[in-house]
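Readers should treat all values here as calculations from the given coordinates under stated rules, not as data from a laboratory. Bear in mind that the values here come from a model prediction, so they are computed numbers and not experimental data. Virtual Cβ from ideal backbone geometry, glycine too; neighbours counted across all protein chains shown.
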Amino acid sequence: MNTMNTINTINTTNTAKRNFPFTIKQVAEILKLRIRYTNPTSGNLDTDCPFCDGKSKLNLNIAENIYRCSYCGESGGMVVLYGKMHGIPNSEAYREICEILECGKVAACAGADTSNNNSPTPQSSRADAETLHQTYAMMLTLLSLASPHKEYLSSKGFSPEQIDESGYKSVPAFGQRQLCEKLLQSGCTLEGVPGFHKDSGTWNVKLKAPGIIIPIRGIDGKIAGMQMRLDKPINERKFIWLSSKGLDGGASPGSPIHFAGDPTAKRVYVTDGALKGSVAHALSGRTFACLPGVKNLGELDELLARLKANGTVGVFEAFDIDKLTDNHIAESATALREKLALHGFRVKSTVWEDKSLRNVSDYIMHRMREAKNHVYGVDISGAGVTAATAM
């Protein structure tokens, strides 16, 4: 039996007998394979072959979790498919798939090493702010932005110059270890930088699922962390942090606040979501402080003190319009307004008439299209809906 047939037998048998926590369809989504045809009876998929570029030549067998190209003959199991495309062994491919899908590492695939699963993992504290910025900034210079991602950002309202200035990049499909090597050769520190970790003694970075890398910048403009907007949500999550918490040499990103705009602005808007706030800033020129989530108010005090010292007078709570119907968001909006008032700011809450516009960036885009020049605000004193000053 030749090597390829051996691989096929191993993977077909193991896939059928082992309780894998993922399917070949999920692996295809991670690899961003282009699906050309879905068999209505079996559910099998025909995709473009990543090995020979044969259009609709790679068949994915859903029941067996195996693949085969009818043109070049490449075949095997779903772990082999991922490993071949990334140039890594089966054991590493299995671990990466599990990490991306955040699923439990149950029975290992053929060749997976689980002997050290119960050993304590050496932890690192998060690197200092200057190290984070230096490493992340250098990483961005080594990456590119794919055309579909550039088109998406343009559709949101970014100009080409704003896209370049923001530093948005695409998650690389391969070459993560080589990226780490280039960073080390450039004098960058990887230990304690969220996302980077040691794997079998060498440095790696958890840039796996296809998507857009979003730099999270502080009020000083330095990169404090990275988020990724996934092309396809995983476990219903569209945005995830670049994190290596719990891994050798890795660290947690924490909950840094993204700042987009003028640090000395008289008026600042607080919303949740770095990309959302950046879009709103790009469209309106206004300044936005972007929380990681509506509940993440803990790190806001330091920023508010900085804004107060810089001369900011008014701060708008600009959470999504769901705050009118969702009790959890409403409670967070109230807590935010109370915090802003305690810091001595004049406080208002942004609300608009058209409730189909979910967030502040949607509203600004709508306003630009309709040539409107005002927003509606609610004073926290309970005075009701009043016309606020133009954004």
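Which pairs break 27 Å Cα to Cα here: LYS208/LYS245; LYS182/LYS206; LYS206/LYS276; LYS169/LYS348; LYS156/LYS232; LYS25/LYS355?
LYS169/LYS348; LYS25/LYS355
Starting at the first residue of region 297-303, write each ³J(HN,Hα) from the Karplus equation 6.51 cos²θ - 1.76 cosθ + 1.60 with θ = phi - 60°, in whole Hz, x for Gly and Pro.
Running phi through 6.51 cos²θ - 1.76 cosθ + 1.60 with θ = phi - 60° gives 9, x, 8, 7, 4, 4, 5 Hz.
For region 144-153, in order, what is each residue's ³J(HN,Hα) by Karplus, 6.51 cos²θ - 1.76 cosθ + 1.60 with θ = phi - 60°, in whole Hz (x at glycine and Pro)?
Working through the residues one at a time gives 10, 10, 5, 4, x, 6, 5, 5, 4, 5 Hz.
Is region 258-387 rounded, prolate or oblate when judged by the Cα gyration tensor, a ≥ b ≥ c being the square roots of its eigenvalues, rounded requiring a/c under 1.5 and prolate requiring a/b larger than b/c?
Details: a/c = 1.41, a/b = 1.19, b/c = 1.19.
Since a/c stays below 1.5, the shape of region 258-387 is classed as rounded.
What is the set of long-range amide H partners of ASP231 at a cut-off below 5 Å, with H atoms built 1.01 Å from backbone N?
Sorted by chain and number, the residues that satisfy this are GLY211, ILE212.
Could you list which residues have their amide H under 5 Å from that of TYR269, counting only those 5 or more apart in sequence or on another chain, with H placed in the peptide plane?
For TYR269, the qualifying residues are THR287, PHE288, ALA289, PHE316.
Of the listed peptides 355-365, 140-150, 203-213, what is their order by residue-averaged count of other C-beta atoms within 10 Å, with the highest listed first? Could you put the intermediate results ahead of the total?
Values: 355-365: 18.8, 140-150: 14.8, 203-213: 22.1.
Per-residue Cβ counts within 10 Å, averaged per peptide and sorted highest first, yield 203-213, 355-365, 140-150.
Please list 3J(HN,Hα) in residue order for region 363-369, calculated via the Karplus relation 6.51 cos²θ - 1.76 cosθ + 1.60 where θ = phi - 60°; whole Hz, with x for glycine and proline.
For region 363-369, the Karplus-derived couplings read 5, 4, 4, 4, 4, 5, 5 Hz, x marking Gly and Pro.
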